[in-house]
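What follows is one structure encoded as structure tokens, with my remarks underneath.
Derivation of every value follows stated rules applied to the coordinates shown; laboratory data play no part. From a predicted model like this one, the values you see are computed outputs, not experimental measurements. Don't worry about glycine lacking a Cβ; one is built from the backbone with ideal geometry, like all the others, and counts go over all protein chains shown.
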Amino acid sequence: MAATVRSTTTTTLTKVLNPNHPTLHLTHPTPEPFTWNTLIIHRPTSPSPHSPLSIYLRMRRHRVPPDSYTFTSLLRSSSPSTLPILHAHLIHIAFASHPFVQTSLITSYSHHSNLACARRVFDDIPNPDLPTWNSIVSACLKAGSLAVARRLFLAMPERNVVSWTSMIDGHVKCGDCGGAMSLFKRMLDAADVGMNAYTMSSVLSACARLGAIEQGRRVHGYICASGLRVDAVLGTSLVDMYAKCGCIESARRVSGTIRRLHHKCNKSGDYKSDF
């Protein structure tokens, strides 16, 4: 992978970035990367015609040293055609081995539906950290490669709530709701892993698709016992689960409770769940 990417030269990068492109025309360019990084991060959502890549090019022309945040921002805004060129540039300037950058590369390739390149980046990492493991598992799930994601998940040296939630949600989206519930049971047995609203929302979605009302009620009970804040996402999942399982009265009761909670929260600014 590295040898292939290295064949894309810095000259190609310069052509794509277009050094003659109008940029910020800063009178006194700052030598600190923080300001430049901030401009790169906010440029995709601003009305300015200057692209993140053109800002990065101006940054380099002023000899401002980039850091890992520079490239994580650039990678997020990359297109399918510019991503491999950015990757080649990262290798050229010896930034491709930075953990933040590696994770961003995997996420960016996955965003552009290029699982093969995401997997090559991962396989080139000698000792992936937890966020990098989570990124490649998520990339496989997004591509629908459930079996590969499962093998990687089992091979992880450690797991956190993101790892478990991604796998549960991935099983639901791939139609294996029974597998999602099995994973949830295993997650409950892992005493060092907590739950969050996204975890419970995915589990409730599995219950809804299976029509498993008893399991859904137990999950609802777990939410109450754990003190999880029932926000709009989790509340909607509860209503959806009860409705799809045919318990319309329970769905109405949960919906009414949510409305009362939100009204109370808006009035007092204090949110306490009555579930």
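Here are the numbers for the structure shown:
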read-out: In Hz, Karplus ³J(HN,Hα) per residue of segment 134-142 (6.51, -1.76, 1.60; θ = phi - 60°; x = Gly, Pro); value: 4, 5, 6, 5, 5, 4, 5, 5, 4
read-out: Separation of the Asp123 and Arg209 label points, Cα + 7 Å toward Cβ, nm; value: 2.9
read-out: Relative contact order (%) - criterion: Cα under 8 Å, at least six apart; region: segment 30-120; value: 24
read-out: Inter-part distance where segment 153-191 and segment 195-253 are each reduced to a Cα centre, Å; value: 17
read-out: Segment 132-211: relative contact order in percent, alpha carbon pairs under 8 Å with at least 6 residues between; value: 29
read-out: Rg/Rh for segment 157-247, where both radii come from Cα atoms and Rh is the Kirkwood radius; value: 0.94
read-out: Sum of side-chain charges, Gly178 neighbourhood, beta-carbon under 15 Å (Lys, Arg +1; Asp, Glu -1); value: +2
read-out: P(r) tail fraction, segment 99-158 - alpha-carbon pairs more than 19 Å apart, %; value: 16
read-out: In order through segment 159-167: 3J(HN,Hα) via Karplus (6.51 cos²θ - 1.76 cosθ + 1.60), integer Hz, x for Gly, Pro; value: 9, 10, 4, 5, 4, 5, 5, 4, 5
